[in-house]
Amino acid sequence: MGDQQYQHAAADRSDQPESTAHITPSFPAQLRRLRRERGLSLADLARRTHYSKGYLSKIETGVKRATVDVARQCDHILGAEGELLKLVREAAPAERAGGPAADGTAPACPYRGLAAFTPRDAAWFFGRERATAALVERVFQRVGGGPLLLVAPSGAGKSSLLNAGLVPALRRPGGFPMPGAERWPVVAVTPTAHPLDELLERTAKVLGSDLELTARQVAERPEALLEAVRARSEGAPPGPDGRRPPPVLPVLLVDQFEELFTLCSDESERRAFVRVLRSLSTGPDPAVVVLGVRADFTGRCLELPELAPVFTDGLFVLLPMSVAELRESITRPAELAGVTLEPGLVPLLLRDAGLRDEPGTA
Ligand SMILES: Nc1ncnc2c1ncn2[C@@H]1O[C@H](COP(=O)(O)OP(=O)(O)OP(=O)(O)O)[C@@H](O)[C@H]1O
Ligand SMILES: [Mg+2]
């Protein structure tokens, strides 16, 4: 629905004088205009792009030149359908041709290599649109009911789906079917050896403020964490009739959940962490808790009594991409980067992945 609104907004813009062939707006002016049209402050844009407010401000005032990545992300968030990327490319023909960029940086590589996708890579993330929509729906249905457990074999794309699928959906106005979701703080954490300490540290970092809580206090009274987060989060303004604004639901993404067994060696710490996650994610105005775990660790998860019920009603299994989705994951980033794939390369890659190309899916 949010996307549809964006599409309409983008279509409307084509009637405006700036987008005619006669006047080509500069990138800074166009970014500022689009941002204001969407009702976003620089701080809002910074939160959603993961670039700092200061850096984006320098781009808007023309002090710094926008990179391809900034343009793509802003296009995505502002629903500008490639308009900003086009302006960056027009300003940097060397970059378009695949040569070194005018600012001396290397041209953007369309592929992430072995690394998982991050929220910053969202504009390059293809082939998982269906899985993202399904995950968003399950997360929504699960609100208040306990953690959602995202399970798949190692390398299936769990971290990428969380970072470049779910997080951008949460940040995009209308991308998650609850009012004000775009303002919810998103804390991404891996358990490490001391999961509760790590959770507190990461949360404080996201909020930019010390929570003044110890792991022990949170273990004893998990709601203290919710209270501390809410006290430091900027919620939506009250409605025009003065009604209570929608509550801030902190989002906790605990990825590489298997670290709870491989790195955390203290059984009581492990159980306390799971108890906290469960408590935070149940009841009214809860936190949204999504756990990403490797399929070969599900047996260990079942050993934790607080986690066992999640296997009955909180499981989300990420299936492998279809051939068509895999094709998209190869061809779409290349298209976006303006590079041409050698003929025969895609079928070769699909064959390497043990799949056969499907005719008519090009
Ligand atoms: N949609 C996608 N398009 C292209 N590459 C992808 C996509 N999703 C994941 N990948 C790539 O697949 C590899 C594994 O992805 P990721 O790290 O997200 O998997 P994972 O399930 O979290 O793995 P692990 O269980 O080891 O943590 C990475 O190289 C990543 O860049
Ligand atoms: Mg992972």
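The values are calculated or read from the model by the stated rules, or taken from the named source; none is laboratory data. Given the structure is predicted, the values throughout are model-derived calculations rather than measurements. Please note: Cβ atoms are built from the backbone with ideal geometry, for glycine as well, and neighbour counts cover all protein chains shown. What goes into the accessible areas is simple: the full protein's heavy atoms, side chains included, and nothing from ligands, DNA or RNA. Shrake-Rupley method; radii C 1.70, N 1.55, O 1.52, S 1.80 Å.
Can residue 186 be described as at pLDDT below 95, among the hydrophobic types (A, V, I, L, M, F, W, C) and within 28 Å of residue 313 (Cα to Cα)? No; evaluated as a whole, the condition is false for this residue. Kindly check whether there is at least one residue in the range 8-30 that is among the charged types (D, E, K, R), open to solvent by less than 20 Å² (accessible area, probe 1.4 Å) and at pLDDT below 85. Within the range 8-30 (the criterion being among the charged types (D, E, K, R), open to solvent by less than 20 Å² (accessible area, probe 1.4 Å) and at pLDDT below 85), the answer is yes, since at least one residue qualifies.
Output yes when any residue across the range 279-286 is crowded, with 16+ Cβ neighbours inside 10 Å and under 21 Å from residue 125 (Cα atoms), and no when none is. No, because not a single residue in the range 279-286 is crowded, with 16+ Cβ neighbours inside 10 Å and under 21 Å from residue 125 (Cα atoms). In the range 114-133, the residues that are within 19 Å of residue 49 (Cα to Cα) reach residues that are more than 11 Å from ligand 1 (Cβ to nearest atom) and part of a loop (DSSP other than H, G, I, E, B) with C-beta atoms within less than 7 angstrom, at least six apart or across chains, in these pairs: 119/50; 120/50. Inside the range 304-326, residues that are touching a residue at least 60 places away in the same chain (Cβ under 8 Å) and farther than 29 Å from residue 146 by Cβ make up a count of 2. Total residues in the range 152-173 satisfying the condition of being away from ligand 2 (no atom under 12 Å from the Cβ) and over 10 Å from the mean Cα position of the chain (by Cα): the figure is 1. Taken over the range 125-149, the criterion of being farther than 30 Å from residue 300 by Cβ and either within 8 Å of ligand 1 (Cβ to nearest atom) or touching a His at 6+ places or on another chain (Cβ under 6 Å) (or both) is satisfied by 126 alone. Per the conditions (1) within 16 Å of ligand 2 (Cβ to nearest atom); (2) under 30 Å from residue 326 (Cα atoms); (3) buried (at least 19 other Cβ atoms within 10 Å of the Cβ); (4) not polar (S, T, N, Q), the sole criterion not satisfied by residue 191 is (2).
Can you confirm whether residue 110 is open to solvent by 20 Å² or more (accessible area, probe 1.4 Å) and at pLDDT below 95? No, not satisfied. Figure legend. Inter-residue proximity from the range 270-290: first residues farther than 14 Å from residue 149 by Cα and in the same structural domain as residue 145 (by TED's automatic domain parsing), second residues among the acidic types (Asp, Glu) and part of a loop (DSSP other than H, G, I, E, B), beta-carbon distance below 6 Å, spacing 6+ or different chains. Indicated pairs: 275/306.
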